[in-house]
Amino acid sequence: MDYRLGIDLGGTNIAAGIVFGDGRLAAKASVPCHPERGAESVMADMAAASRLAAENAGISLSDVVGGGVGIPGVVDRGRGTVLLAANLGWNDVDVRSALTPLLGFFPAIGNDADCAALGECRAGSGSRFGSMLLITIGTGIGGGITSGGRLSGGNGCGEIGHMVIELGGEPCACGRRGCFERYASASALAAQTRAAAAIHPDSKIWQVCGGRAEEICGKTAFDAAELGDETAREVVSRYTDYLAEGTANLINILRPEAVVFGGGVSRQGEALFAPLRERLVPLVYAADRLGMPEICAAALGNDAGIIGAALLD
């Protein structure tokens with residue numbers, strides 16, 4: 001049996017999974033991540049999570065033939081080095097050399113969004129398409145591009161959240177203003193919802209969040225809109241405009257067969273995708289001649305990064 005290992009490194013948790021060669025997940029495990037203890041400690045925890053995953057799959061780590069690690073940062077895939085991972089406090093960390101003796105094989109190293117894209121491409125919603133763009137909507141916006149079942153682009157490719165859609169707009173942590181993720185991420189949607197609720201004290205947004213502004217999240221406006229609240233509907237509509245603007249730019253540049261959305265906001269399903277498709281048609285160049293890509297939700301959830309990391313090469 002061809003067993004592979006995928007590790008999805010996050011700032012809070014480290015998830016590891018044993019994956020069959022065809023992309024099916026056999027078993028997984030997770031341990032807390034403590035980046036404040038330093039890179040060496042995190043490597044040891046990655047190895048511990050891997051051993052737990054192997055144990056849960058009923059095998060030994062020595063049975064694993066290969067795999068990889070997805071890391072939230074800028075990665076040099078060829079060298080297996082993390083050039084920059086701000087949330088981990090890492091600069092020029094040689095992950096491959098450190099992990100090889102701990103895992104017993106030579107792991108591939110990739111960006112976490114790229115790994116999620118590869119997972120969806122090989123074993124999820126993108127498996128039906130020759131080319132795919134994955135857009136992950138979370139605290140920020142990440143992206144991954146695949147073609148012919150493989151990742152496209154070089155190191156640092158896919159930082160779509162830092163494409164400007166509003167010249168001179170909201171300041172972004174990257175140093176630019178008006179970035180896509182400042183308007184269309186889940187955290188941006190939550191901020192937009194809070195701002196609208198503050199102006200409209202009678203809005204059902206307050207009912208949904210239990211009267212506590214700190215409980216407002218990316219789901220709140222959709223829930224209130226479903227209750228018929230006009231303020232929430234306006235928030236959702238404006239948010240969808242922002243999401244469409246950035247997505248149309250990416251479609252016009254990349255022309256993928258499918259755009260697959262991951263992250264919590266994507267779980268709104270057709271409440272999000274139906275109006276998004278409508279807005280995209282006039283924004284996508286030559287849509288009447290070339291057609292539109294498929295717009296759909298990711299299928300693998302949090303397992304996409306594990307599966308994709310395992311299939312890295």
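Here the chain has an Rg and Dmax of 20.1, 61 Å, counting Cα atoms alone. Segment 177-203 and segment 75-122 have Cα centres separated by 33 Å. Here the 3J(HN,Hα) profile of segment 274-281, calculated from phi with Karplus coefficients 6.51, -1.76 and 1.60 at θ = phi - 60°, is 4, x, 5, 4, 4, 6, 6, 3 Hz, Gly and Pro shown as x. Ligands, DNA and RNA are left out, and with a 1.4 angstrom probe the accessible area of the chain is 44 Å² per residue.
Relative to a virtual label point 7 Å from the Cα of residue 253 in the Cα→beta-carbon direction, which members of segment 274-313 show backbone nitrogen distances below 15 Å? The answer is 285. Computed over segment 158-271, the Cα gyration tensor eigenvalues convert (square root of 5λ each) into semi-axes of 26, 16, 11 Å, ordered from largest to smallest. For segment 1-156, the equivalent ellipsoid built from the Cα gyration tensor has semi-axes of 22, 20, 14 Å, listed from largest to smallest.
Approximating the spin labels as points 7 Å out from Cα along Cα→Cβ, the residue 155-to-residue 313 distance works out to 2.2 nm.
Just from its helices, what would the mean residue ellipticity at 222 nm be for the chain, if runs of 4 or more DSSP H residues each count -39500 (n - 2.57) and the sum is divided by every residue, rounded to the nearest 500 deg cm²/dmol? Write down the numbers at each step before the final one.
Details: 11 runs with 118 residues, N = 313.
Rounded to the nearest 500, the figure is -11500 deg cm²/dmol.
When the chain is treated as a GNM with alpha-carbon contacts under 10 Å, the residue of 251, 137, 59 showing the greatest mean-square fluctuation is 59. Computed extension gain for residue 274 through residue 87, at 0.36 nm per residue and net of the alpha carbon distance, reaches 63.9 nm. Across segment 1-70, counting alpha-carbon atoms alone, Rg and Dmax equal 11.6, 38 Å. Between residue 166 and residue 31, the modelled label-to-label distance comes to 4.3 nm, taking each label 7 Å out from Cα in the direction of the beta carbon. Using a Gaussian network model of the chain in which every pair of alpha carbons under 10 angstrom is joined by a spring, one finds that among 52, 103, 290 the greatest mean-square fluctuation is at 290. Comparing segment 68-198 with the 2.2 N^0.38 Å rule of thumb, its C-alpha radius of gyration ratio is 1.18 (two decimals). At the listed q of 0.25 Å⁻¹, the Debye profile of segment 217-299, built from one uniform point per Cα, gives log10 I(q)/I(0) equal to -1.24. Heavy-atom accessible surface of residue 206, to the nearest 10 Å², is about 70 Å², with a 1.4 Å probe and all protein chains retained.
If you count the DSSP beta bridges with both ends in the chain, what percent of them are antiparallel, to the nearest 5?
On the way: 32 of 51 bridges.
So the antiparallel bridges amount to about 65 percent of the total.
What net charge is computed for the residues neighbouring residue 132, neighbours being all others with C-beta under 15 Å from the C-beta of residue 132, Lys and Arg scored +1, Asp and Glu -1? Once all neighbours under 15 Å are counted, the net charge is 0.
The values are calculated or read from the model by the stated rules, or taken from the named source; none is laboratory data. These numbers come from a predicted model, not from an experiment. Don't worry about glycine lacking a Cβ; one is built from the backbone with ideal geometry, like all the others, and counts go over all protein chains shown. Protein only, heavy atoms only, side chains kept; ligands, DNA and RNA dropped before computing areas. Shrake-Rupley method; radii C 1.70, N 1.55, O 1.52, S 1.80 Å.
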